[in-house]
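Structure, as structure tokens:
The values are calculated or read from the model by the stated rules, or taken from the named source; none is laboratory data. In this text the structure is predicted, and so the values were computed from the model without any measurement. Reconstructed Cβ throughout: ideal geometry from the backbone, glycine too, with neighbour counts over all protein chains shown. Calculation scope for accessible area: heavy atoms of the full protein, side chains included, ligands and nucleic acids excluded. Shrake-Rupley method; radii C 1.70, N 1.55, O 1.52, S 1.80 Å.
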Amino acid sequence: MIAISKPYIGEEEKAAVLEVLESGQLSQGPRTSLFEERFAKMCGVDHAVAVSSGTAALHLALLAYDIGPGDEVITTPFTFMATVNAILLTGAKPVLVDIDEDTFNINLDLVEAAITPRTKAIMPVDLYGLMSDMTRAEEIAEKYGLKLIEDACQSFLATCRGRYAGSFGAGAFSFYATKNLMTGEGGMITTNDAALAERCRLLRSHGMTRRYHHEILGLNYRMTEIQAALGLVQLDRIEGFVEQRRANAAYLNAKIESVHTPTVPPGYEHVWHQYTVRINGERSRDASLQKLAEAGIGTGVYYPVPVHCQPSLRGVIGDIRLPVAEKLAGEVLSLPIHPQLTPDELGTIAAEVNRL
Ligand SMILES: *Cc1c(COP(=O)(O)O)cnc(C)c1O
């Protein structure tokens, strides 16, 4: 079976983890600080705060911006549930705006109409590794005095008009096992705002300024040294990984003729966390997925149910229709794109998709 994703764990990763175990310092320490420093540099920002997951990064960024009950946060319905759960966990209300058919990301043309006096922030998601139109989102945020939080969990090193993911307002990253850069579980908040970074650091560790002195209410969202050690090794590899993902995507885009392949708008650099085709017309997505499985090709559907149609949100947001998100949820199919694919495997993927 050709796996849809495959974390890269080499000898260096194993040695780095062993070194932590032998050091005796297991939680947030020097490796975490170094990981933060190097990560910030690579995103072109002044500050990075390491946390335990992407969900924790989103939650802390919202809390650090003082978003809570009575506030509204505008985001996309076509994302992993964590985006919206992070908003709900602060007590704020998610306001979902439909997506753009070509990029799968929030449609910025619809955002201004969704702004109310209660709107506190805009939270675009960079789905599949393609950034949302963050420069436009930044213009809108500035015009209305809103905070900007970028769910960059899938888009480390992607760019929009020359600026890296995570370099707008506050960025939230995930290092979950299947992400382009992985530490098993893990996350990061990036920002140029020193005060925001400081608040995130406090919130991450029970609002503690010095040992057992608590300035504000906080949580335990700390990263372990094991995660940071893995992250540091993966940072050495990430540019090669991204290059290979780009080459794989270029190959599939050139070879696949049977279905609608993904495009990259001018001014953007994609990092191909997922390579997602659309299966529509005569073909059924679920039958296609089955056929590919029979041919030994693992696929994924990200995401089969848009956020506003999830049972957990019943009664939380009203009965709304978001037609583009609903349509694409029925059509998307992600194919393997990870850097460990062999040329033979890529050839098989393209050939089998063309036979659908
Ligand atoms: C992975 C992901 C998250 C959550 O990250 P975790 O590390 O799993 O908590 C949030 N948003 C998006 C878009 C993601 O892909």
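Okay, here's what the table says:
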quantity: Low-density loop positions, trypsin sites (Lys or Arg not before Pro), the stretch 177-242 - DSSP coil, at most 14 other Cβ in 10 Å; calculated: 211
quantity: Estimated 222 nm signal from helices in the chain, with DSSP H stretches of n ≥ 4 weighted -39500 (n - 2.57), rounded to 500; calculated: -11500 deg cm²/dmol
quantity: Whole-number accessible area per residue in Å² for the stretch 144-230, which is evaluated in the context of all protein chains at 1.4 Å; calculated: 39
quantity: Virtual paramagnetic centre 7 Å along Cα→Cβ of residue 89, amide N under 14 Å, in the stretch 218-234; calculated: 218-223
quantity: Charge context of residue 54, other residues only, Cβ under 13 angstrom, K/R +1, D/E -1; calculated: -3
quantity: Whole-angstrom gap from the stretch 192-247 to the stretch 120-155, using each part's C-alpha centre; calculated: 20
quantity: Long pairs among 120/327; 41/179; 143/179, criterion Cα-Cα beyond 24 Å; calculated: 120/327; 143/179
quantity: The stretch 238-354 - percent of accessible surface contributed by carbon and sulfur, probe 1.4 Å; calculated: 51
quantity: Counted charge near residue 225, where neighbours are those whose Cβ lies closer than 12 Å (Asp, Glu -1; Lys, Arg +1); calculated: 0
quantity: ³J(HN,Hα), Karplus 6.51/-1.76/1.60, whole Hz, each residue of the stretch 92-104, x for Gly, Pro; calculated: 7, 9, x, 10, 9, 10, 5, 9, 8, 5, 8, 9, 6
